[in-house]
Amino acid sequence: MKIWKKKKRIMTIVIGGILASMLLVGCGNKQETSSGQEEEKIGGELNLFTWDGMFPREVLSEFEEEYGVQINYANFDFDEDMLAKLETAKGGDYDVIIADDYIIELAIQEGLVQKLDTEKISNLGNVDQAFQGQFYDPTNEYSVPYGAGIPLIVYDPNVIDIEITGYADLWNPALKDNLALIGNYRVVNGIVLKTMGKSFNETDLEVLEESGKKLKELAPNVRLISDSNTQDYLISGEAAAGFLYTSQVTLALAARPELKVVYPKEGLGFGIMAMFMPSQAPHAEAGKAFINFILRPEISARCFEYIGYVCTNREAVPYLSEEMQKNLALPKEAADGEFIMEIGSAANEVHERIWTEFKAELD
Amino acid sequence: MKNRTKIPNMFLIIILVIMYLPILVIIVYSFNASKISTVWEGVSLRWYQELFRDRSMMEAVRNSLILAGLSCINAAIIGTMAAVGMMRISWKSKGMIAYFSTIPIMIPEIILGMVFMVFFSFLGLPFGMVTLVLAHTAFCIPYVFTMVRSRLIGMDVSLEEAARDLGAGEIKVFFTITLPLIAPAIVSGMLLSFAMSFDDVVISIFVTGATTNTLPVKIYTQMKNGVSPEINALSTIMLLGTILVIGGSEVIRRKR
Amino acid sequence: MKGIKKNRAWLLVIPFYFYTIIFVILPLAYMILLSFLRRAEIWGVTKEFTLDNYKNIFEPVYLNTFVESLKLALLCTTFIVFLGYPFGYFMAKLSEKWKNRVVTLLMIPFWTSALIRMYGWIIIFRSNGLMDRFFMAIHLTEKPLRLLYTYPAVVVGMIYALLPFMILSVYSSVEKLDWSLIEAARDLGASSVHAFFTITLKLTMPGLLSGIVLTFIPSMGLFFVADILGGNKIVLVGNLIQEQLMKARNWPFAAALSVVLTILTSLILTLYRKVAKVRELEGLF
């Protein structure tokens, strides 16, 4: 679900070398702007709707300048919040939305998404095929990936005495009161299911109940649960191990390279966040121009360095700094990564109750 | 005997110091050169500069001011009229309505936010400043209403009656006698409404639209991402503004 | 003549009636309706009637959430009474000039975002934060204490957020106190402690009670305090409603929880009115 939620200003945390390469990217871009689409002043406004901090401010102002469009950046907290708003607006109000895969599937089903204009959005071809044709948009007609992520385990080997290789190690008493968890119950309950050899999308209620019992046993190790800035707690030493979203992993490593990243042996979760245009987008032309702009390799590279997600734009890779290429490349292990999908209300309710029971076990 | 007055004063001072501690921390950290609030890298005005360059932040401040201003004026008009009117009618429903009108400040905000969102979409209202003002007015009215009403209850009605006996019309009595007497209650109700509206996150998140970010919503969504030191700078400025306004009104009052 | 006057007064209350009915009563009625509907399989609600949402509340884990919320609210309110009452009382005894100053000092924090003030506490509480460094400097502890994300941190945050409400309502009722009564009692030979418990406390009871109501009720719904200072580990009814609404998409269940919480709140208020024999909350109102 919200695997891709957390993104951050990497630039300021990452040191010197990256800053230098950023400058180069910046220069390259300026040349492009002066030679390119000068005549295409669209004017008016663009209503962008996504989480906070999804774009570097300079990228947005460059778009505004180039196209004479004023961007209104509205935020939501949860995907569900976005869909509720979009539904009440009957597919209007917003021009470009970035959200997680599963909610886009719902939005498409509800008829709230328009097909992409392949002519106007000529940069669609830059997208890495590996991220195309997924469950939420099998024909790629409605959405363009903006980033991908895999929640991973990160720990401080100086504090944690054991070697962590998989989810099961999180239960080890050596981690007592030291574990920071993301707050997404489908993902966290999902790793319990994984340790039992089941799928993230298990729907058998009895299996779920059993996973709930196992989850409760994790309670003594949990220091805190936070959907946001979970990496900060690792950086500051508030926690010594964490199960984090990709962007958070990138950030944690940037600040403390000595941290160890684990690709859990039980199998990975995987998710994509993508851009789409609502069916009644009021400023459709600006929306198309924006998506096309973001897909430009050098612009895209800057966005990826900023948000810290796995790069979904093939053409952008050469523009990434060396260090970032390593961090943002899709790991081989992700090939069999599992999407978190809809499992229906009955299973969802069990998940929710397990989660509440788990939290009651904390403190 | 001296100790007697000292202990209470010490108590007051200690509590006040504790109350201002987190605010002080925010002010100090707004001058921190580092982006990460865990590290202190020396004094800098960087975040103040960034703040003034951040157009969306300035817009959020403007939206919040408009929203709080409109809501507290609406609430002042509706609330005052109602408090005055309620004294003069004897409908059976009035106690009931007065009770219901206070519900918005009595139940947890999240319930109200959810209810408003669903209800406004049911009415087909476009989300934005209109829905924000409607929702905020709903929880501002009770502040003005209850304050004005308790003032009216404690008021000397003989003044009004005397004026009426002297032949003053209903409207004239209200503006020359009643209004000046209840003005302090209206003003304090409005101030409280303004503060509550200006600080509201939960309800605003539910009813805000595509182009109207308010400041607290912006702070809340940013907080999830780690508070930018810009926000510390903004809070410091807001605090300074408040102190200036309060100090200024104090000076004016003294001059009078 | 009187009839006409009444007619005009009728005009004055119309906007109020209108507003209350349209924007308070109707939405609440909608919420109640919603709480009896069944959630749709994936998204939204169906038009099917069900009592399951209310049955669901009696699951031990959810019932426990209510109990835990009440416990925390009770704990915080107790602390607030013992800090807020003396504060309001001493404050009312200050000179006129200082009274105004202290009221102003109490109001100023209201003008900074409540979220930001909580964030200030994070900086103070976190490991190697100000508190830890202070304790280590005076050699009270050797290691960071891990104060953040604990139950006490949440309690401190709640007290901090709600204390001013108690102070102001106690203050306004002590202000109105007729001191000559206490003097008379003292003249008749009552000790100051005795005079306080028999007269002062009784006369200021409405202020104290309204302070209790004003702190007890919100403390069940202040979900962001538990989020920010409690590391998401403490589930209050407010958190539960938020999670059901935003993450689990179970709107009918969220509505049912809200209905129960609203009823609980109304019961407390009714009780308050019975005990205090007043119709308005004193102090802030």
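Values for this structure:
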{"quantity": "Neighbouring partner chain Cβ atoms per residue of C:87-95, average, 10 Å criterion", "calculated": "3"}
{"quantity": "Computed label-point distance, nm, for sites C:LYS93 and A:GLU209 using a 7 Å Cα→Cβ extension", "calculated": "6.2"}
{"quantity": "Within the range A:84-170, chymotrypsin sites (Phe, Trp or Tyr not before Pro) in DSSP loop having at most 14 other beta-carbon neighbours inside 10 Å", "calculated": "A:PHE135"}
{"quantity": "Chymotrypsin sites (Phe, Trp or Tyr not before Pro) restricted to DSSP loop in the range B:65-115 with at most 16 other C-beta within 10 Å", "calculated": "B:TRP91"}
{"quantity": "Leading residue at positive end of dipole, the protein assembly as shown (Cβ point charges), from B:ILE171, C:MET205, C:VAL193", "calculated": "C:VAL193"}
{"quantity": "Ranked A:GLU352, A:GLU266, A:GLU298, criterion: other C-beta atoms within 10 Å, fewest first", "calculated": "A:GLU266, A:GLU298, A:GLU352"}
{"quantity": "Debye equation applied to the C-alpha atoms of chain A, log10 I(q)/I(0) at 0.06 Å⁻¹", "calculated": "-0.22"}
{"quantity": "Positive-end residue of A:LEU295, A:TYR263, A:ILE354, charge dipole of the range A:224-363 with Cβ unit charges", "calculated": "A:LEU295"}
{"quantity": "Inter-site label distance for B:GLU170 and B:GLU41 at 7 Å from Cα along Cβ, in nm", "calculated": "6.8"}
{"quantity": "GluC sites (Glu not before Pro) restricted to DSSP loop in the range B:40-129 with at most 14 other C-beta within 10 Å", "calculated": "B:GLU41"}
{"quantity": "Modelled FRET efficiency - R0 45 Å, B:SER56 with C:TRP179, Cβ distances, 0.05 increments", "calculated": "0.25"}
{"quantity": "Cβ-placed point charges (K, R +1; D, E -1), dipole of the range B:104-180 about Cα centre in debye, nearest 20", "calculated": "180"}
{"quantity": "FRET E, pair B:GLU161, B:MET96, Förster distance 25 Å, beta-carbon r, rounded to 0.05", "calculated": "0.30"}
{"quantity": "Partner chain coverage, peptide C:261-273 - average Cβ within 10 angstrom", "calculated": "2"}
{"quantity": "Ranked list, fewest to most other Cβ atoms within 10 Å of each Cβ, for C:TYR160, B:TYR143, C:TYR54", "calculated": "C:TYR54, C:TYR160, B:TYR143"}
{"quantity": "Debye intensity ratio I(q)/I(0), log10, the range B:29-122, q values 0.11, 0.14, 0.22 Å⁻¹ (C-alpha model)", "calculated": "-0.64, -0.82, -1.16"}
{"quantity": "Cα convex hull volume per residue for the range C:1-135 (Å³)", "calculated": "311"}
{"quantity": "Burial ranking of peptide ranges B:174-187, A:190-203 (average Cβ count within 10 Å, highest at the top)", "calculated": "A:190-203, B:174-187"}
{"quantity": "0 to 90° range, to nearest 10: angle between helix B:109-123 axis and chain B longest Cα axis", "calculated": "70"}
{"quantity": "At q = 0.04, 0.05, 0.08 Å⁻¹, base-10 log of I(q)/I(0) for the protein assembly as shown (Debye sum, equal scatterers on each alpha carbon)", "calculated": "-0.19, -0.30, -0.77"}
{"quantity": "Between helix B:2-29 and chain B: long-axis angle, C-alpha atoms, 0 to 90°, nearest 10", "calculated": "60"}
{"quantity": "Simple label model, 7 Å out from Cα along Cβ direction - C:VAL193 to B:LEU123, nm", "calculated": "5.8"}
{"quantity": "Among A:LEU208, A:PHE135, C:GLY84 the positive-end extreme of the charge dipole of the protein assembly as shown (Cβ point charges)", "calculated": "C:GLY84"}
{"quantity": "Order of A:ASP156, C:ASP187, A:ASP177, C:ASP52 - criterion: other Cβ atoms within 10 Å of each residue's Cβ, fewest first", "calculated": "C:ASP187, A:ASP177, C:ASP52, A:ASP156"}
{"quantity": "Average beta carbon contacts from partner chains per residue of C:122-130, 10 Å cutoff", "calculated": "5"}
{"quantity": "Size of charge dipole - the protein assembly as shown - debye, nearest 20, with Cβ of Lys, Arg +1 and Asp, Glu -1, no other charges", "calculated": "4600"}
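Quick note: the coordinates plus some simple rules give every number you see, no bench work behind them. Being a predicted model, the structure only gives us computed values, none of them experimental. Counting neighbours? That spans all protein chains shown, and the Cβs are built from the backbone with ideal geometry, glycine included.
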